[in-house]
Amino acid sequence: MKKIAIFLASVCLASSLHAQTPRTEAEVYAYRQAMQSANRDLQSGNVQAAFATIKAQAELGFVEAQYILATLYHDGEGTAQDIAQAKLWYERAAAQADNAEIAALAQQALDELASSK
């Protein structure tokens with residue numbers, strides 16, 4: 001969980017918010033606020049609340065949230081471990097070519113899942 005919290009904090013601080021669809025200033029602001037809230041929840045041990053917040057942002061198409069959600073499913077943090085859901089969200093994050101760094105991390109995770117079978 002500490003690894004996720006550190007990654008989430010870095011996303012909140014330095015995110016360039018790459019998304020396939022253009023975002024309004026209000027959407028970007030709401031995303032940042034939500035992810036900061038999720039980070040606070042993670043830091044305080046309220047992993048289920050963080051999971052719900054991150055999932056909502058992932059469903060809106062934010063690639064960073066998609067990758068973090070996949071990691072939460074993969075590790076069983078804030079939810080039961082679900083490798084199928086992890087794979088689905090890693091695939092969605094990997095498909096977003098506008099953020100090469102996150103896409104590469106997601107692809108690496110997919111490769112690791114494939115090799116562990």
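The values are calculated or read from the model by the stated rules, or taken from the named source; none is laboratory data. For clarity, every value in this text was computed on a predicted model and none was experimentally measured. Heads up, the Cβs are rebuilt from the backbone with ideal geometry, glycines too, and the neighbour counts pull from every protein chain shown.
So here's what we get for this one:
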{"quantity": "Which listed residue, of Ala49, Ala84, Ala106, is among the small types (Gly, Ala, Ser) and under 23 Å from Glu27 (Cα atoms)", "calculated": "Ala49"}
{"quantity": "Test result for Ser10, out of contact with any strand residue (DSSP E or B) (no Cβ under 9 Å at 6 or more places or on another chain) and modelled with pLDDT of 95 or more", "calculated": "no"}
{"quantity": "Some residue of segment 77-84 being in contact with a helix residue (DSSP H, G or I) (Cβ under 8 Å, 6 or more places away or on another chain) and at positive phi", "calculated": "yes"}
{"quantity": "Per-region count, segment 25-49, residues touching a residue at least 40 places away in the same chain (Cβ under 8 Å) and touching an Asp or Glu at 6+ places or on another chain (Cβ under 7 Å)", "calculated": "1"}
{"quantity": "Yes/no for Tyr29 being at pLDDT 95 or above and within 18 Å of Leu113 (Cβ to Cβ)", "calculated": "no"}
{"quantity": "Filter result (crowded, with 17+ Cβ neighbours inside 10 Å and not in a helix (DSSP H, G or I)) within segment 79-99", "calculated": "Gln96, Asn99"}
{"quantity": "Complete set of residues in segment 46-78 that are surrounded by fewer than 24 Cβ atoms within 10 Å (Cβ to Cβ) and within 9 Å of the chain's Cα centre (by Cα)", "calculated": "Lys55, Gln57, Ala58, Thr71"}
{"quantity": "Looking only at segment 59-109, and only at residues there that are without any contact (Cβ under 8 Å) to a residue 60 or more places away in the chain and of a type in the set (Ser, Thr, Tyr), the one that is farthest from Val47 (Cα to Cα)", "calculated": "Tyr90"}
